[in-house]
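Undergrad: One structure follows; several queries about it will come next.
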Amino acid sequence: MLVGVCDFPGSYAFPPAGYGGIERWLWAVAVGARAAGADVHLLGPGWLTDLEAEWVRKPVRLEDVTPGSQAERDLRSAGYDLLVVGHGYPSLAAWTRTWSELDCDVATFQHSPIFQHTETAFDGRRSRLYCYSPEMIERYAAHQPIPELAVHLGLNEEEPPSVGGRDLVWLGRIDEEKAPHLALRAAQILGRRIRVVGPVFDEDYVRRHEKLFTADHVELVGELGGPAKTAALRDASVFVYTYARTYVEAGAAVFGESLRAGTPMAALTWRRGTCAEAALCDQTGSIAVLDPEVDDEKAAVELAEAVEQAEALNHRQVQEIGQLRFDPARHFKGMAARP
């Protein structure tokens, strides 16, 4: 099987060194495809050039290809069986025009809870949409979505054997939608230290919760990548997962990242059918499902109880389950097979 993994214009490299969502997912698909025995072409100019020694790079984007051009003939003659692309492209006319000239499937994962697809973007067979949670499947039901847990990888993030960590960790973009202040308050209630890993996207949000972000029990370490990011997860006793009441999580990378590192998760959610419930089980984490009408203090108390429950889990077992559940080759095989 020949697989083309397509980049897109953006502010992050392919693969990204630290933060990045769809970029990390596309890299995981490429890695998983090779592990599953497929041949892989990295399509587009955004892929890191120092990958050339190990990977075939083709710096062409389908949406930029002129009809009847040599670039189009080259794509057709390559004989792709499957193209994997960011969720917006099967609804982009210029991209689908070129794809329609190729005798291959296309697969994508829904990484946005609000993106509007065209009615004809997916047929459920040759063009396929994958969604993480029951909540997302219901949201995109008109496009025949297929349930699948997304896998995300960065460069040099191979996980060593798990250890029983010490402090708590929260990882992600720091803004109102991700609501890390709830994790900080839960840690404070427990008298525990917590490391916050990730870039600040919303300075106003941080200022509104300044007392928590500057508290003695909180360590802001910024954005990490590679071995440093893996170590931040592995060395924690529990990963504390939060998001805002009205936010819909399309397919968070952190579930796979934490479980593969052997760190159990304590998750705060505001309804049933979320990514947390799709990703976690009794052996890998604890979930507090709250009424969105409760205030932040009550939410933090409930989250603190979930942290205590998650802390009793076996890190080695968490890692074993995580590396099976979020295996890149398994993920690729699921996406490569027609229903």
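Undergrad: Just one of (1) in contact (Cβ under 8 Å) with a residue 40 or more places away in the chain; (2) in a helix (DSSP H, G or I); (3) not β-branched (Val, Ile, Thr) trips up residue 19, so point out which.
TA: Every condition holds for residue 19 apart from (2).
Undergrad: Before we move on, is residue 320 out of contact with any helix residue (DSSP H, G or I) (no Cβ under 9 Å at 6 or more places or on another chain) and either under 21 Å from residue 229 (Cα atoms) or at pLDDT below 95 (or both)? Outline the logic, then answer.
TA: Values: out of contact with any helix residue (DSSP H, G or I) (no Cβ under 9 Å at 6 or more places or on another chain): yes; either under 21 Å from residue 229 (Cα atoms) or at pLDDT below 95 (or both): yes.
In short, yes.
Residues checked against (1) assigned by TED's automatic domain parsing to the domain that holds residue 234; (2) crowded, with 21+ Cβ neighbours inside 10 Å; (3) in contact with a Ser or Thr (Cβ under 9 Å, 6 or more places away or on another chain):
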residue: 114; (1), (2), (3): no, no, no
residue: 126; (1), (2), (3): no, no, no
residue: 129; (1), (2), (3): no, yes, yes
residue: 172; (1), (2), (3): yes, yes, yes
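Undergrad: Right, something else. Looking at (1) hydrophobic (A, V, I, L, M, F, W, C); (2) surrounded by fewer than 17 Cβ atoms within 10 Å (Cβ to Cβ); (3) free of Cβ contacts under 8 Å to residues at least 60 places away in the same chain, which is the one condition that is false for residue 35?
TA: (3)
Undergrad: Turning to a different aspect of this structure: Can you work out which of the residues in region 25-43 that are over 14 Å from residue 78 (Cβ atoms) and not in a helix (DSSP H, G or I) is farthest from the chain's Cα centre (by Cα)? Walk me through it before giving the result.
TA: Taking region 25-43 and keeping what is over 14 Å from residue 78 (Cβ atoms), we get 25-37.
Subsequent filtering for residues that are not in a helix (DSSP H, G or I) retains 36-37.
Numbers: 36: 20, 37: 23 Å.
Residue satisfying both the conditions and the ranking: 37.
Undergrad: Being surrounded by fewer than 18 Cβ atoms within 10 Å (Cβ to Cβ), aliphatic (A, V, I, L, M) and either without any contact (Cβ under 8 Å) to a residue 12 or more places away in the chain or under 24 Å from residue 251 (Cβ atoms) (or both) narrows it down to one residue among 121, 179, 142; which is it?
TA: Details: 121 fails: surrounded by fewer than 18 Cβ atoms within 10 Å (Cβ to Cβ); 179 fails: surrounded by fewer than 18 Cβ atoms within 10 Å (Cβ to Cβ).
Going through 121, 179, 142 in turn, the sole match is 142.
Undergrad: Looking only at residues in region 64-103 that are hydroxyl-bearing (Ser, Thr, Tyr) and outside any helix (DSSP H, G or I), which one is modelled with the highest pLDDT? Spell out how you get there, then give the answer.
TA: Going residue by residue through region 64-103, those that are hydroxyl-bearing (Ser, Thr, Tyr) are 66, 69, 77, 80, 89, 91, 96, 98, 100.
From what's left, outside any helix (DSSP H, G or I): 66, 69, 80, 100.
Numbers: 66: 95, 69: 95, 80: 98, 100: 95.
Once the filter is applied, the top-ranked residue is 80.
Undergrad: Which ones in region 185-239 are in contact with a Ser or Thr (Cβ under 9 Å, 6 or more places away or on another chain) and aromatic (Phe, Trp, Tyr)?
TA: Of everything in region 185-239, just one residue is in contact with a Ser or Thr (Cβ under 9 Å, 6 or more places away or on another chain) and aromatic (Phe, Trp, Tyr), namely 239.
Undergrad: I would also like to ask the following. Condition first: within 22 Å of the chain's Cα centre (by Cα) and in a strand (DSSP E or B). Now tell me which residues in region 44-58 satisfy that.
TA: Hit for region 44-58 is 47, nothing else.
The values are calculated or read from the model by the stated rules, or taken from the named source; none is laboratory data. These numbers were taken from a predicted model, which means no experiment stands behind them. FYI the Cβ positions are ideal-geometry reconstructions off the backbone, even for glycines, and counts take in every protein chain you see.
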